[in-house]
Amino acid sequence: MEYLFEQPVHGSIGVQPYKITIAWRNGSFISDEPVKSGGQDLGPDPFTLLLSSLASCTLATLRMYIDRKHWDIADMEVNVNMYQTIVSGNMETTIDRDIKFISPVTEEQRKKLNDIAANCPVSKILQGDIKVRTFTHSDAALEKKINYSNEEGTVVWKPELCKHSGRCVSGLPKVFDVNAKPWINVDGATAERVAEQVSKCPTGALSYEVKKEVHPSSE
Ligand code: SF4
């Protein structure tokens, strides 16, 4: 299992409701809530961000397809909005997407582009099988450590911080195996690969210490 992004999207909030700094791989922006919900509307709210994702994926996917086909279609626009209703006690969300081609398109092109938009990657995510896994972590967790070493380095595991999400196990099963004893085998992969996987532990339960090189005395 490989994550889509090397660095996760990072969010942080202080005491000001509901100003949130979202950091992504190439910068950061503010998210907020509308004034009527207690925020200051300093940035897009979470629902707007969700719809923005669909809008941008739709247009990018159409642009790629049109360019590949060498069709002469320039500017396009999309409006995305949503509503929610309770159906048989369950919340049902409907997202409507309206795409407008500024340049003329044939009826055949319009139908094809409608299909392409309907199957853009974010559409597939929203309409597919989604799991959201949630883990909570606290800096106040106890500092108990267990070391697993070889000649190249030491994997340090802090069990109190481990939320058993299994990300290390699925990412590098030859090193991390909960059915083995000990459960971490530092010889199961190169030091670089072990260190890389350790750096992806979301809780800080894992760290990697490189052993200092010992140089023979020159005297
Ligand atoms: S990735 Fe980190 S938190 Fe998850 S199981 Fe491995 S050590 Fe524990």
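All of the numbers you see were taken from the coordinates with simple rules; none came from a lab. As the structure is a prediction and not an experimental result, all values here were calculated from the model. Using ideal geometry, Cβ is built from the backbone for each residue, glycine included, and neighbour counts are taken over all protein chains shown.
What to note about this one:
- Both radii are taken from the alpha-carbon atoms of segment 90-216; with Rh as the Kirkwood radius, Rg/Rh is 1.26.
- Listed peptides 153-160, 78-85 by packing density, highest first (mean Cβ within 10 Å): 153-160, 78-85
- Segment 1-144, relative contact order [Cα under 8 Å, separation at least 6], %: 14 percent
- For segment 10-127, the convex hull drawn through the C-alpha positions has a volume of 157 cubic angstrom per residue.
- Of the two radii for segment 70-141, the radius of gyration is 1.18 times the Kirkwood radius, both from the alpha carbons; that is the Rg over Rh value.
- At R0 = 45 Å, FRET efficiency that the Cβ-Cβ distance of residue 160 and residue 36 yields, to 0.05: 0.60
- When each of the peptides 180-190, 124-134 is scored by the mean number of other C-beta atoms lying within 10 Å of its residues, the order from highest to lowest reads 180-190, 124-134.
- Convex hull per residue volume in Å³, alpha carbons only, for segment 146-210: 73 Å³
- Value in Å of the Kirkwood radius, where the chain supplies the Cα pairs that are averaged: 22.1 Å
- Extended-chain gain in nm, criterion 0.36 nm per residue less alpha-carbon gap, residue 6 and residue 131: 43.0 nm
- Cross-link pairs exceeding 32 Å in C-alpha to C-alpha distance, out of 131/211; 19/200; 181/211; 69/124; 124/200, comprise 131/211.
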